Amino acid sequence: MDMEKYLKLARQAKAENNSEDAKTYYNKVREEDPENGEAKFFYAYYSLYEGKNAEIPSRFSNLCKVVTSSIDLIKNSSSSKADQLDAIEEIVNTFVPETWVVNRYMNRKNTETKIGDSYVKVFDYSSIRNCSTTGMSTIKTLGDHIEKIYPADPECKRIATIAWKEYVSLCQTWYSFAVKGDAEIYSEKIKKVDPSYEMPKKAGCISLADKKQ
């Protein structure tokens, strides 16, 4: 079956960090099987930095929109629960760091080109803030969603904490973007799964950390 062949090739390209081929083959999987959650997510993921910089906020917004629906497709697939959880954990581990990565990318682009005494502003502050807040909200929702669809499952709670830990970390770093009290609430949720967890200390708001002095 073509879909199985394309899925194998997509995974191979992903393992080799060949984003162009991974995107191509995941797209072919999507065309063969629109209900394939792995392909739905990774096609959006590998599309993120393609095209013009101005498109990144909308592409990141799309990635945020597809992450939980992709997990639902995996949950409702005919794969074994073990395979489902492996696929879901891979998506979580891929998506969760991306809010920070996108923030750094956008800020770095704003300090790469200088005309006279001023840097060329590729992304305005509202775009950076929107990507950051949308990403944070999606990370929190992702952990909550995994906990909800596999209730009382210890392994699922462990996967959910991957998202929650990143969410708390971002809340403590970008506290001006965070929902008041969420860092404490989610730290307590994490401790129920990982008693050794300690909430990070609050830092300064460093969403412009890459800005040249």
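The values are calculated or read from the model by the stated rules, or taken from the named source; none is laboratory data. Since the model is a prediction, treat every value here as computed from it, not as a measurement. As a convention, Cβ positions derive from the backbone with ideal geometry for all residues, glycine included, and neighbour counts pool all protein chains shown.
Some observations on this one:
- Leading residue by the ranking (surrounded by the fewest Cβ atoms within 10 Å (Cβ to Cβ)) among those in segment 186-206 that are modelled with pLDDT under 95 and either at positive phi or among the aliphatic types (A, V, I, L, M) (or both): A203
- Some residue of segment 173-182 being surrounded by 13 or more Cβ atoms within 10 Å (Cβ to Cβ) and at pLDDT 95 or above: yes
- Residues in segment 76-106 that are of a type outside the set (F, W, Y), assigned to a helix (DSSP H, G or I) and surrounded by 19 or more Cβ atoms within 10 Å (Cβ to Cβ): Q84, L85, A87, I88, I91, V92, E98, T99, V102, N103, M106.
- Those residues of segment 31-44 which are assigned to a helix (DSSP H, G or I) and under 20 Å from the mean Cα position of the chain (by Cα), in sequence order: G37, E38, A39, K40, F41, F42, Y43, A44
- Lone unmet requirement of (1) surrounded by fewer than 19 Cβ atoms within 10 Å (Cβ to Cβ); (2) modelled with pLDDT of 95 or more; (3) under 20 Å from the mean Cα position of the chain (by Cα); (4) more than 19 Å from E90 (Cβ to Cβ) for R158: (4)
- Of all the listed residues (S58, S70), the sole one being loosely packed, with under 14 Cβ neighbours inside 10 Å, of a type outside the set (D, E, K, R) and not in a loop (DSSP other than H, G, I, E, B) is S58.
- Hits in segment 91-131 (condition: under 23 Å from T68 (Cα atoms) and among the aromatic types (F, W, Y)): F95, W100
- All told, S169 falls short of being surrounded by fewer than 21 Cβ atoms within 10 Å (Cβ to Cβ) and not in a helix (DSSP H, G or I).
- When segment 1-37 is filtered for residues that are of a type in the set (S, T, N, Q) and over 17 Å from S70 (Cα atoms), the ones remaining, listed by number, are Q12, N17, N18, S19, T24.
- When the residues of segment 34-53 are filtered to those that are without any contact (Cβ under 8 Å) to a residue 60 or more places away in the chain and surrounded by fewer than 19 Cβ atoms within 10 Å (Cβ to Cβ), the one that is farthest from Y6 (Cα to Cα) is K52.
- Set I128, I159, I115: member being of a type in the set (V, I, T), out of contact with any His (no Cβ under 9 Å at 6 or more places or on another chain) and under 29 Å from L73 (Cβ atoms): I159
- For the residues A54, A82, the requirement of being among the hydrophobic types (A, V, I, L, M, F, W, C), over 18 Å from the mean Cα position of the chain (by Cα) and within 27 Å of C171 (Cα to Cα) singles out A54.
- Taking segment 175-203 as the range and being part of a helix (DSSP H, G or I) and among the aromatic types (F, W, Y) as the test, only Y186 passes.
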